[in-house]
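First comes the structure, then the notes that go with it.
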Amino acid sequence: MQMRTSRVLRKIAAGGVAGCVKLNLADPRVVEIAAQSGIDSVWIDMEHVPTDWATVENCVRTAKNYDTDVMVRVAKGSYSDLIRPFEADATGIMVPHVMSLQEAEYTVRMTKFHPIGRRPIDGGNQDAAYCRIGMTDYIEQANRERFVCYQIEDPEALPDLEKIAALPGVDMVHFGPGDYSQAIGAPGDMSHPEIARVRKLIADVCRKNSKIAATVAGPGTVKEIAEMGYRYISVGADVVGLTTYFDSVASIFSGGLV
């Protein structure tokens, strides 16, 4: 028996750009609606959203029905917070606010199996088909088919950026422009020249080290971001779609029709 292969990694390996949408609501029905669209992956958040582990597991089960990857942005805590999404068979995790080479090295150690790291082994969960995949196969497949994304959102990480990207076990480096704009004293100013500089820097460093560059974009900037070298791009969120739709419906009745 084999682990499910990553749609995101397959698409990028074939020279494509993988798409993602963020799901704050993290309801399996929302995951199903998104997956039915044909999107490559969905991003479930546990940093800012009080999503529980059972919900994550059910979201992953739902996404797999459509060969859609799930990336979980973890809450920074114990090593268990890093590996539980993988054991629920999420395809990737995103580690927010990676601040140093030391932190990146620790994350590699906790999220990759031998010979790259020392991730604790269980094997009795969805990712190893409840012990149906033998240990050596499980370790090899998990290292190959599951990705760890390191989110760079702070200037403090930049001195170590090259070394972080060069680490074996770092699969993806994600630029988070929102928090970065706040960190440089320009909250929400996506046109700030420092945002543009760091966005390009991360793309260049990833290309140099054969790592996947990831970030967020709007519908109108995806082409530009992809041409810069980004290969994993998240666009929009379920809450944005719903608020836009409900606001448009409410506006129909706001003019005093009755």
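What does the charge add up to near ASP127, with Lys and Arg as +1, Asp and Glu as -1, over the other residues with Cβ less than 15 Å from its Cβ?
Numbers: positive: ARG4, ARG61, LYS64, ARG84, LYS112, ARG119, ARG132, ARG144, ARG146; negative: GLU57, ASP69, GLU87, ASP89, ASP122, ASP137, GLU140, GLU145.
For residues surrounding ASP127, the net value is +1.
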If unit charges are put on Cβ atoms (+1 for Lys and Arg, -1 for Asp and Glu) and the dipole of region 1-133 is taken about its Cα centre, the option from VAL95, THR55, ALA75 lying farthest towards the positive end turns out to be VAL95
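Note down the magnitude of the dipole of region 7-253 about its Cα centre, charges +1 on Lys and Arg C-beta and -1 on Asp and Glu C-beta and zero elsewhere, to the nearest 20 debye. Mind dumping the intermediate values first?
Numbers: 26 positive and 33 negative charges, 144 e Å.
My answer is approximately 700 debye.
Using 0.36 nm per residue, how much length does the chain from ASP27 to MET135 gain when fully extended, once their Cα-Cα distance is taken away? Don't skip to the end; give the middle numbers.
Working: separation 108, 0.36 × 108 = 38.88 nm, distance 3.20 nm.
Once the chain is fully extended between ASP27 and MET135, it gains 35.7 nm.
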Long-range Cα-Cα pairs in the chain (distance over 29 Å), rounded percent: 29
Relative contact order (%) - region 7-253, alpha-carbon pairs under 8 angstrom, separation at least six: 18
What is the list of residues in region 184-217 whose amide nitrogen lies under 16 Å from a point 7 angstrom out from the Cα of GLU156, following Cα to Cβ? 184-185
Length gained if GLU47 through ASP122 is fully extended, taking 0.36 nm per residue and subtracting the Cα-Cα distance, is 24.6 nm
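Read-outs: derived from the displayed coordinates by stated rules, not from any lab. Every value quoted in this text rests on a predicted model; they were computed, and no experiment measured them. FYI the Cβ positions are ideal-geometry reconstructions off the backbone, even for glycines, and counts take in every protein chain you see.
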